[in-house]
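Report on one structure; see the data block that follows.
The values are calculated or read from the model by the stated rules, or taken from the named source; none is laboratory data. Since the model is a prediction, treat every value here as computed from it, not as a measurement. Cβ placement follows ideal geometry from the backbone for every residue including glycine, while neighbour counts extend to all protein chains displayed. Surface areas here come from the heavy atoms of the whole protein model, side chains and all, with no ligands, DNA or RNA. Shrake-Rupley method; radii C 1.70, N 1.55, O 1.52, S 1.80 Å.
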Amino acid sequence: MDFEKLWPDLEWVIDELKDGMSFFEGYVTSIAPNRIAAGVSKIDEAAVRCDYHQHLWSCVVVQADQVQEYSPEEYERRFREDQIVLFCVDYEKKIAGNTFKFKLVIEENDAPSSTSLEILCYGEAVLNSRSPKAAVEKVILECCDLCELFEGDALFIGPDTIHYPRSKDDKLQEWTRIK
């Protein structure tokens, strides 16, 4: 990734965060759903804090099952069996002296057998860093690592929006393809 080449398409991030946007997003259009548990375990090992126990459950799951805490493997199984609709991971990671807060949202797409990964990066650490531009670069590198960790097909960076790329070939104005 040549960050300097990408920067003109990404410098809006800092302006938007200064104007009150609370996060910006990485979006991976398709991941390997059988990599969720391994990915979550690896994130948990490297994170300052990691919580992968809060999910949006299907209406077929009883309340007693929803309040229990499970292993990443059990959560992955329940996700693949449609018991979990949104698989969520909140974590904080120290990168180059800054502690960044992320939220991952994994969900089934409209496309058959397609699972997407939404990566929210909260802006406070970016704005409070000595160099917000360098902080954005570190966050994007983390997003690239997540894309690889979950065997993603393409990574886009964009604002908080309801319009997401649906495939690696989508060209939406507000989204910049990173890989």
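Screening the range 134-159 for residues that are charged (D, E, K, R) and out of contact with any helix residue (DSSP H, G or I) (no Cβ under 7 Å at 6 or more places or on another chain) and picking the one that is modelled with the lowest pLDDT gives Asp153. Scanning the range 67-83 for residues that are of a type in the set (A, V, I, L, M) and surrounded by 15 or more Cβ atoms within 10 Å (Cβ to Cβ) turns up nothing.
Residues in the range 30-37 include at least one that is out of contact with any Pro (no Cβ under 9 Å at 6 or more places or on another chain), under 24 Å from Lys138 (Cα atoms), assigned to a strand (DSSP E or B) and at pLDDT 85 or above. Filtered by the rule that a residue be among the basic types (Lys, Arg) and open to solvent by less than 40 Å² (accessible area, probe 1.4 Å), the range 84-115 gives no residues. Within the range 7-22, being open to solvent by 30 Å² or more (accessible area, probe 1.4 Å) and either more than 11 Å from Val136 (Cα to Cα) or among the aliphatic types (A, V, I, L, M) (or both) holds for Pro8, Asp9, Asp15, Glu16, Lys18, Asp19, Gly20, Met21, Ser22. For Cys121, are the conditions met, namely being surrounded by fewer than 19 Cβ atoms within 10 Å (Cβ to Cβ), modelled with pLDDT of 90 or more and among the hydrophobic types (A, V, I, L, M, F, W, C)? Against the criterion (surrounded by fewer than 19 Cβ atoms within 10 Å (Cβ to Cβ), modelled with pLDDT of 90 or more and among the hydrophobic types (A, V, I, L, M, F, W, C)), Cys121 does not qualify.
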